[in-house]
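No value in this document is a laboratory result; all are computed from the given coordinates. Small disclaimer: the values here were computed from a predicted structure and weren't measured. Here the Cβ is made from the backbone with ideal geometry for all residues, glycine too, and neighbour counts use every protein chain on show.
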Amino acid sequence: MSIARLQKEPLTNLPFYEERVDLACAFRWTARLNMHEAVANHFSLAVNDDGTQFLMNPNQVHFSRIKASDMLMIDANDPNTLAGPNAPDPTAWGLHGAIHRNVPHARCVMHVHSIHATVLASLADSTLPPIDQNSAMFFNRHVVDAHYGGLAFEEEGERCSQLLTDPKVKVMVMGNHGVLVIGDTVADAFNRMFYFERAAETYIKALWTGRPLRTLSDAIAEKAASEMDDYPGQAERHLAELKAILDEEEPVYRN
């Protein structure tokens, strides 16, 4: 039986329970930050060694309602994934399935149409320049897809996945579309997504002033990015704090 069509396990026997909890927290906090897109967009997390089996949000469920038990288990190598009654969103399958098949270091994949990252994706030059510490985090660590080809069904997903083969590249600005972020864990990917949106907001608002930008040199931008790469434990603490808040305010996310 296809993994995508398996019925939900009883809560006491949920496989990869902690990973599901982390994802549920990320979904709900993304909604709180207004970085969601109604009932669209999707996050996934690889759970086997080669990354081809992964957890993903159910089709068209609002991020603010997603619980640990809601996650689908998907097999990126199963061509019948979309045929079952519990199938994922077709564009989620096309984009995330391709990435998990072709980019094994992309353990967690988060795709959103957050406002400022999408504004950046709409500019003729969608590169994020290093104008502050947050934006410097992404110096030489993001790629711009300038060849939007429509909704991310399988062919488009395969094309996009080829832009993430360099392990140093952790963010894809999807031109005319949105942003996609990868990471080693849910905490790593969510933290990166959060800071990319903040950096994009700063850049867009700096452009609004119409005044010249104070752009860091390549050497300093790379130094700051490398220091951020090696900064200990920040992503894990970020997610842990968000879970602590949800544990107090809406603990149902763990169910």
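Any idea how far the Cα center of the range 205-255 sits from the one of the range 42-114, in Å? Distance between centres, Cα-based: 24 Å. Using a cut-off of 23 Å between Cα atoms, the listed pairs K67/K243; K168/K243; K168/K223 include K168/K243 as exceeding that distance. Projected onto their three principal axes, the Cα atoms of the range 108-255 cover extents of 46, 38, 30 Å, largest first.
Here the sum of -39500 (n - 2.57) over DSSP H runs of 4 or more residues, divided by the residues of the chain, equals -12500 deg cm²/dmol at 222 nm, to the nearest 500.
Contact order for the range 3-254, expressed relative to its length and based on alpha carbon pairs under 8 Å spaced 6+ residues apart, stands at 22 percent. Between the amide H of V143 and those of V171, M172, V173, distances stay under 5 Å, these residues lying 5 or more places away or on another chain, with hydrogens modeled in the peptide plane. Between E250 and D166, the modelled labels are 3.8 nm apart [label points 7 Å from Cα along Cα→Cβ]. Database remark: amide H of Q53 closer than 5 angstrom to the amide H of V47, N48, A76 (H placed geometrically; neighbours at sequence offset of 5 or more, or on other chains; Pro and chain starts carry no H).
Screening the chain for whole DSSP H helices with an alpha carbon extent of at least 20 angstrom along the helix axis and a mean Kyte-Doolittle hydropathy of at least 0.0 yields 186-208.
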